[in-house]
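Reading through the structure tokens given below for one structure.
The values are calculated or read from the model by the stated rules, or taken from the named source; none is laboratory data. On a predicted model such as this, the values are computed, not experimentally measured, just so you know. Backbone-built Cβ (ideal geometry, glycine too); neighbour counts: all protein chains shown.
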């Protein structure tokens, strides 16, 4: 679908957008960009750029001496130094568990082997989050003001109003409560692509993002998940195999407006080996914690995640008052009346 077709579809669902012509045109551009998915050169260029930035961050954390053996290896004879370093880091990510959980033996061995060249720091820690945060600083997301641009943590299904309010105020989130194939970072990655594809001036991206959150007119037509808002039409469509081309659904398995299709592509994207290895490792970790792709998010897994994130301990090891905080935040289900989200450690 082209921009004109997306624009027409948006006006059919949201007639009031015609009074917001600048935002309408930008939303149509976003819809067309993500719908085209990997067929779009702008999408692949942005993802390639992100992968390179992840590499550059990892490389900056490792002293050059760590690559000496590779530089002297016969198979690399005559190759530029940076090409050799890139090949080695790609292999660390894809073959040696660089992004596996920190308790994973493969990652522990890799980090241990590199310790003499890293000041005993883990060079693979928070790589994607750091690169995204750096990029988002130029996008005018006003709520992301702290040094690390910490996102909100979603540990269950969040109700419509608080969900849209998060977008309205310019916040991103880590979607731990979503299905593994949806992915924790899918929406931040969508908006990285949007911000770096030239659809909107970079310093105007946050303004458009907030507009989408504050636009509360609902379509008269719900998608298969019952969604009627502008946000899901642009960035959160039900996957194609769930909707069979129905209202508000993804147009194909290559439509990145459905997070599951975007994540599925990234899981095996040879063109972005570091990004792909990261997404695959997160997918496998969440899949193991959830139990299955369709049984999510479980109350047990969300309580465990929240306990470790807030207090650094398993749920059963928490003090009584700490347990009360965790139980009050995370239920994993939609109708609990609990926030199912948190920002930072409670004081």
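Which number in (1) under 16 Å from residue 6 (Cα atoms); (2) touching a helix residue (DSSP H, G or I) at 6+ places or on another chain (Cβ under 8 Å); (3) without any contact (Cβ under 8 Å) to a residue 24 or more places away in the chain marks the one condition that residue 233 misses?
Going through (1) under 16 Å from residue 6 (Cα atoms); (2) touching a helix residue (DSSP H, G or I) at 6+ places or on another chain (Cβ under 8 Å); (3) without any contact (Cβ under 8 Å) to a residue 24 or more places away in the chain one by one, residue 233 breaks only (3).
Output the helices (runs of 4 or more DSSP H) that fall wholly within region 13-74 and possess 1 or more residues being assigned by TED's automatic domain parsing to the domain that holds residue 251 and surrounded by fewer than 20 Cβ atoms within 10 Å (Cβ to Cβ), or say none.
Answer list for region 13-74: 21-36, 41-60.
Pick from 307, 288, 281: which is over 18 Å from the mean Cα position of the chain (by Cα), at pLDDT 90 or above and outside any loop (DSSP other than H, G, I, E, B)?
307
Quick one: count up the residues across region 47-63 that are closer than 18 Å to residue 110 by Cβ and without any contact (Cβ under 8 Å) to a residue 24 or more places away in the chain.
Selection size over region 47-63: 1.
Test residue 256 against the stated conditions and say whether it is surrounded by 22 or more Cβ atoms within 10 Å (Cβ to Cβ), modelled with pLDDT under 95 and not in a helix (DSSP H, G or I).
no
Could you list, in sequence order, all residues of region 88-102 that are over 13 Å from residue 281 (Cα atoms) and surrounded by fewer than 16 Cβ atoms within 10 Å (Cβ to Cβ)?
91, the sole residue that qualifies.
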